[in-house]
1. Take the cross-link list 96/214; 24/96; 153/177; 16/96; 16/38 and give me the ones stretching past 24 Å between alpha-carbons.
2. Just for the Cα atoms in the range 1-123, what are the lengths along the principal axes, largest first, rounded to whole Å?
3. For the chain, what's the relative contact order in percent, using C-alpha pairs closer than 8 Å and at least 6 residues apart?
4. Skipping prolines and chain starts, which residues have an amide H placed within reach, meaning under 5 Å, of the one on residue 13, given they are 5 or more residues away or on another chain?
5. Of the DSSP beta bridges with both residues in the chain, give the percent that are antiparallel, rounding to the nearest 5.
6. Spelling out what I want: for every residue of the range 160-168, take phi, set θ = phi - 60°, compute 6.51 cos²θ - 1.76 cosθ + 1.60 (Karplus), and round to whole Hz; glycine and proline get x.
7. For the range 1-56, what does the relative contact order come out to in percent, with C-alpha contacts under 8 Å and a separation of six or more?
8. If I model a spin label as a point 7 Å beyond the Cα along the Cα-Cβ vector, how far apart are those points for residue 23 and residue 196 in nm?
Amino acid sequence: MNLIFDYDGTLHNCLKIYAPSFRKAFAWLTDNGYAEAKSYTDEEIGYWLGFNSADMWSMFQPQLAPEIRDTARRIIGDEMNGHIRNGDAELFEGAKETLIKLRNDGYSLIFLSNCRRRYMETHCAAFGLERYFDYFYCCEDFGFIPKYEIFRKVRPNFSDDFIVIGDRFHDIETATKNGLHSIGCLYGYGSAEELSAADILVNDVREIPLAVEKLCRSDCVPERR
């Protein structure tokens with residue numbers, strides 16, 4: 001069985017470093033007259049977690065010229081990578097233990113994120129993600145196409161079945177559009193409504209192994225080999 005994991009909001013408590021980075025970029029926009037000053041709550045900022053950066057900026061500030069959006073994006077990216085290198089980033093409590101258990105149980109773990117390669121590589125260095133994951137895919141390497149399309153491109157590389165695990169609609173959409181089972185992570189940044197199509201919902205990362213086991217025992221998914 002192949003387990004496709006989202007990263008931010010599923011394993012990584014991303015808001016801790018995203019919120020200050022977002023606010024710095026937005027301050028640059030307002031200081032330079034590109035946007036009207038406004039205060040954003042962490043909840044409002046957290047909504048954008050899970051989107052790739054191109055979609056996020058085209059939806060969040062569609063009036064901005066592409067070069068201004070790109071500068072703001074780079075500010076966020078540089079700030080977040082700086083926070084990671086400074087040791088400010090953190091995985092959810094129990095995330096590493098969950099990944100270890102799943103590896104020990106014989107599952108193949110796949111990293112699939114709407115992030116850029118530099119971000120993925122910085123996290124790999126910070127948390128030793130190569131110890132847990134067998135394969136790594138980020139949307140930048142596929143021209144920022146949706147996750148469900150990235151899956152279709154990589155699917156021929158795998159045998160056996162898949163379960164998608166994530167906290168946003170992008171993850172559940174990947175499952176529903178490709179006939180896969182999914183686990184929705186309510187502790188992340190997505191709403192219960194956008195995760196409603198998931199086969200199982202979990203409230204803690206440590207609940208994922210049992211959810212995977214239940215899906216593997218179901219009549220719809222063959223037992224793992």
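Just so it is clear, none of the values below were taken in a lab; they were calculated from the coordinates. In this text the structure is predicted, and so the values were computed from the model without any measurement. No Cβ is skipped: glycine too gets one built from the backbone with ideal geometry, and neighbour counts run over all protein chains shown.
1. 24/96
2. 54, 24, 24
3. After rounding, I find 26 percent.
4. When sequence neighbours closer than 5 places are left aside, the close amide H contacts are 90, 91, 92.
5. Within the chain, antiparallel bridges account for around 5 percent of the total.
6. Karplus-based 3J(HN,Hα) across the range 160-168 equals 6, 8, 10, 10, 9, 10, x, 10, 10 Hz.
7. Once normalised by length, the contact order is 41 percent.
8. It is 3.4 nm.
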